[in-house]
Amino acid sequence: MLVAGEASGDLHGASLCRALRGLDPGCRLYGMGGARMAAAGMDLLVDVTAAAVVGGSEAIGQVPRLYRAYRGLRDVLRGADRPAVLVLIDFPEFNLRLARAARRAGVPVVYFIPPQVWAWRGGRVKTIRRVVSLVLAVFPFEPPLYRRAGVPVEFVGHPLLDQLQAAPTREAARRALGIDDRTPVVGLLPGSRHQEIVRVLPVMRDAARHVLTAAPGTRFVLGLAPTIERRLAAHHLDGGPPVEIVPGQPHAVIRAADLLLVTSGTVTLEAALLGTPMVVCYRLSFVSELLARLLIRVPWVSLANLTLGRTVVPELYRRTTTSARLAREALRLLTDAGARATQRAAFSELAGQLGEPGVGTRAARFVLAQAGAA
């Protein structure tokens, strides 16, 4: 059984599903995920990826839906059709609860892309020690932390290393999108959750207007996540400059762009690994931001800055995520080749820290070993 609750988890889960199928074609895969995991051969029992939320107060409305999903998966863990191993993918609030149920049912638990205990809620490592059989770490600084806490852990590398191998070159991406090589391009990546589109995309739209005024001829391309309806994005772009909406080709948008305006999340790491400079922004509700300030133990939100341990890309928070501020940061990078080169040099350093391709296969071997030991 594999369990993912967001678009990024569905993406990484799909890679793991394919690797499991490749190593053991007869294994049955089932659980919670999205369209990508289903396409990779998993029997989808429940899908909450399209309804995923960000923040604390925003999640309240999803509690009944998530609880129904939890009860359904818990019943499978208790029943005659229980799995040989449960694989959890990110989504810690839900998955740690499910891990407790699996432990009570005698099902070993592998956590792939574990909770970011190094960033916030470090006390959860005690729960992980009690209920998780093996952590598959994706960042190089995670294994020492888990080992000190007495948690079995293996470093497999970040799954994006596998997924980005098929990314197009800049030239191929621009040809596919019909963009001349000399045209300045700003990519908009507003996120994969409904609330992110509502809160962030209007700010990006208005920032794009400022950028176009200062840099005529700039072209704007929006990479649409599969969990977002085109009409929702189009609605929040209304009244701004022309923006081409490109569904299902995030890597082409990233490669084709000279600069990205991006919502904090896994996509910031994708952009860094593909070498495209960026400005990161996010907007939570007031209550969620207050909770974050109380709980988060690190000074950054983007994975590029977190992994490198220093500020490489500019980050705008709720109060500073204004169209004027976002436009200023964008224009600074668009007009300063040295600033863009500094980001790219840091991105090359980051890529060397995240392991080697073959992450899905390495993770799958550990999963199958746990299943065989059950």
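Just checking, does region 122-136 include any residue being within 18 Å of Glu93 (Cα to Cα), part of a strand (DSSP E or B) and without any contact (Cβ under 8 Å) to a residue 60 or more places away in the chain? Yes, region 122-136 has at least one match.
Among the candidates Val267, Val313, the residue that is at negative phi, in contact with a strand residue (DSSP E or B) (Cβ under 6 Å, 6 or more places away or on another chain) and at pLDDT 95 or above is uniquely Val313. Consider region 316-338 and keep the residues that are touching a strand residue (DSSP E or B) at 6+ places or on another chain (Cβ under 7 Å) and assigned to a helix (DSSP H, G or I). The one that is nearest to Thr218 (Cα to Cα) is Leu334. Here are the criteria: (1) crowded, with 20+ Cβ neighbours inside 10 Å; (2) assigned by TED's automatic domain parsing to the domain that holds Ser8. Tell me which single one Pro143 does not satisfy. With (1) crowded, with 20+ Cβ neighbours inside 10 Å; (2) assigned by TED's automatic domain parsing to the domain that holds Ser8 applied to Pro143, the lone miss is (1). Within region 343-371, if we keep just the residues that are part of a helix (DSSP H, G or I) and free of Cβ contacts under 8 Å to residues at least 24 places away in the same chain, the residue that is nearest to Ala14 (Cα to Cα) turns out to be Ala369. With respect to (1) more than 26 Å from Ala351 (Cα to Cα); (2) not hydrophobic (A, V, I, L, M, F, W, C); (3) not assigned by TED's automatic domain parsing to the domain that holds Ser302, the lone exception for Arg205 is condition (3). Filtered by the rule that a residue be of a type in the set (S, T, N, Q) and not in a strand (DSSP E or B), region 258-282 gives Ser264, Thr266, Thr268, Thr276.
The values are calculated or read from the model by the stated rules, or taken from the named source; none is laboratory data. None of the values given here were measured: they were computed from a predicted structure. Virtual Cβ from ideal backbone geometry, glycine too; neighbours counted across all protein chains shown.
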